[in-house]
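**Q** The structure is given below, and queries will be raised subsequently.
Each reported figure results from applying straightforward, stated rules to the coordinates on display, with no laboratory input. This one's a predicted model, so the numbers in the text were calculated from it and none came from an experiment. No Cβ is skipped: glycine too gets one built from the backbone with ideal geometry, and neighbour counts run over all protein chains shown.
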Amino acid sequence: MTAPAHSPQAHPLAGTRGAEPWPGPAPVRRGAQGRARSAGPAGARTTPPHSRTDPDADAALAAIDRCLDAALVGQHRLRETLLLGLLTGGHVLLESVPGLAKTTGAQALAHAVDGTFSRIQGTPDLLPSDIIGAQVLSDGRFETRLGPVHANIVLLDEINRSSAKTQSAMLEAMAEKQTTIGGQRFELPDPFLVLATQNPLDQEGTYALPEAQLDRFALKDVLAYPTQAEELEMLRRLEAGTLGTGDGADRRACSLAQVRTLRAAAAATYIDPAISRYIVAIVAATRTGGRTGRTPPPRLGALAEHIACGASPRASIAFTACAKALALLRGRAFVIPEDVADLAPRVLCHRIGLTFEARALEVRPRDIVAAVVGAVRAP
């Protein structure tokens, strides 16, 4: 059955009656089995070539999830974010109070894919050579000793405590997947994933991350406290001696070669042109109002005046890659609008710059993202 066409009256978040709605993607009609089919200006339709994911990919992802489940109690949002970073090759910024299993989750993911893991503690006196490595004089000649960043999964704890010079060294590693020591380039292992954390409570002695480095993170997630039931399960595992290790089962679910295959499967996930237009419309809506000089979409309202700068095209790229990976994690071979809406806070919140007035009024980036997603018509 064909869904009714969207209109400002039918859609609760579209423009007011009689007003032209903010230009979203072309309407999408869904077939009997839920496949998205976009109707363009000429009426041409495209359908996903497959409605189901590869069974081998599903089995590998299920095995990784079992490994994470053995090491972590709860934190399902953290697991999903870590897997999204792994499948897309996009780096992840995690923000939470201490003790919410960020290190445990990163270690568990590295063990699950049989990869190398290293942890770097950000401090004001941390030097770039402490991260990327250095040349050391040994027996009358210089030897290159690679730093801890040369690992498959790197946890950079409290990144905002490291100096701007050290952060710039990480920027090269994150952006170019390589480091430079003594004029010589060293490729980083593949896959390579940086999980950086920052503590929102104690900001004394910290260096705010520049916009250029924030934009290098595909996702930013804010972790929540566990529920009481999950905390009781943690205590049970503590008494049993299995906290952080599960029941002692093998935590290696797949090889690094299989991870590269999973990345290829995620990249091959079908995304309809209407969904791509939906993503671009959401990102473009963050570049309106305030100091941008562009007219904001209807229903964004006064929040648009609090935007100092919007998301860059890198946000659209990360949005598309993560939406494909999320569809794969959820057992689909195609992306749906709900995938995009679920990812919006994680992809956009750290990419939106707020005005001074917004900070004074305690307007949060997630408030603006929620308004933007509501203002753009979904297919």
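**Q** Using mean Cβ contacts within 10 Å as the protection proxy, how do 115-127, 268-280 order, highest first?
**A** Numbers: 115-127: 16.3, 268-280: 21.2.
Result, highest mean first: 268-280, 115-127.
**Q** From the square roots a ≥ b ≥ c of the eigenvalues of the alpha-carbon gyration tensor of the range 112-248, which class results: rounded (a/c under 1.5), prolate (a/b over b/c), or oblate?
**A** Details: a/c = 2.19, a/b = 1.56, b/c = 1.41.
Judged from the Cα gyration tensor, the range 112-248 comes out prolate (a/c at least 1.5, a/b above b/c).
**Q** Same structure again: Under 1.5 on a/c is rounded, so check that first for the range 99-176, then, if it is not, pick prolate when a/b is larger than b/c and oblate when it is not; a ≥ b ≥ c are the square roots of the alpha carbon gyration tensor eigenvalues. Present the calculation step by step, with values, prior to reporting the outcome.
**A** Numbers: a/c = 2.21, a/b = 1.39, b/c = 1.59.
Cα axes put the range 99-176 in the oblate bin.
**Q** Give, in nm to one decimal, the length gained when the segment between Ser168 and Ser312 is fully stretched (0.36 nm per residue of separation minus the Cα-Cα distance). Numbers along the way, then the final one.
**A** On the way: separation 144, 0.36 × 144 = 51.84 nm, distance 1.95 nm.
This chain segment gains 49.9 nm when fully extended.
**Q** Given R₀ = 22 Å, what would the calculated FRET efficiency be for Arg185 paired with Thr116, taking r from the Cβ atoms and rounding to 0.05?
**A** Working: r = 20 Å, r/R0 = 0.89.
After rounding, the FRET efficiency stands at 0.65.
**Q** Excluding same-chain residues fewer than 8 positions from Lys324, which lysines have a Cα within less than 21 Å of its Cα?
**A** Those lysines meeting the cut-off are Lys220.
**Q** Need the list of aspartates and glutamates near Lys177 for cross-linking: C-alpha distance under 12 angstrom, and skip anything on the same chain fewer than eight residues off.
**A** Glu187, Asp190
**Q** Once you have a ≥ b ≥ c as the square roots of the Cα gyration tensor eigenvalues for the range 58-113, tell me rounded if a/c is under 1.5, and otherwise prolate or oblate according to whether a/b is larger than b/c. Walk me through the intermediate numbers first.
**A** Working: a/c = 1.93, a/b = 1.26, b/c = 1.53.
Cα axes put the range 58-113 in the oblate bin.
**Q** Could you check the spin-label model distance between Arg260 and Gln178? Points 7 Å from the Cα along Cα→Cβ, value in nm.
**A** Rounded to a tenth, the inter-label distance reads 1.8 nm.
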